[in-house]
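One structure below.
The values are calculated or read from the model by the stated rules, or taken from the named source; none is laboratory data. Source: prediction; values computed, not measured. Ideal geometry is used to build each Cβ from the backbone, glycine not excepted, and the neighbour counts take in all protein chains shown. Quick note on the areas: whole protein, heavy atoms, side chains included, nothing else; ligands and nucleic acids left out. Shrake-Rupley method; radii C 1.70, N 1.55, O 1.52, S 1.80 Å.
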Amino acid sequence: MNRVIAIVTALLLSVLITAGCSNKKADEEALRTVIQKNLKALQDENLEDYLSTLHPESPGYAKMELLCPRIFEIYELKHDLVNTEVLNISDNEARVRTTQEARRISGPENYKDSRSITVHTLKKYEGEWKLFKTEDESMELLE
């Protein structure tokens, strides 16, 4: 009888561990997807899609809602996601480090092409991951 209980317990633990890994992988993919969608919206100059990737309670939401249309009018930029590293995930918050490049296609020459390393804090909103805050770790100008 004890052996049956041990086998059942081991099977249950195995299922729980596998389910936990599966959820983590799904979350990691969802985090990468929202970051990619965010950069694609910037690339396409699509304000609605860009704002849809931001958490509505983000401290920067209103600022970006006003700033993006101005940037879209002045510059055409190419945005590339070079690297994504999920740092940590909890039920409702995650941190992701990215390396991104932004290059000027057209617009005033005072814009300098750059590569930045940033840490994004994402929070769930209505069951979906949204960008809440972005902190720059470093930035270098590209030639």
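The table that follows gives values for the structure above.
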| quantity | calculated |
| --- | --- |
| Under 9 Å, Cβ to Cβ, from Val82 - net charge with Lys/Arg +1 and Asp/Glu -1 | -1 |
| Interchain or long-range residues, amide H under 5 Å from Asp113's placed H | Arg104, Leu142 |
| Tail beyond 15 Å, pair distance distribution of the range 82-135 (Cα, percent) | 56 percent |
| Which of Ser58, Ser138 is most accessible, then next, and so on - probe 1.4 Å | Ser138, Ser58 |
| Anchor Lys133: aspartates and glutamates whose Cα lies under 14 Å away (excluding residues fewer than 8 positions away in-chain) | Glu57, Glu93 |
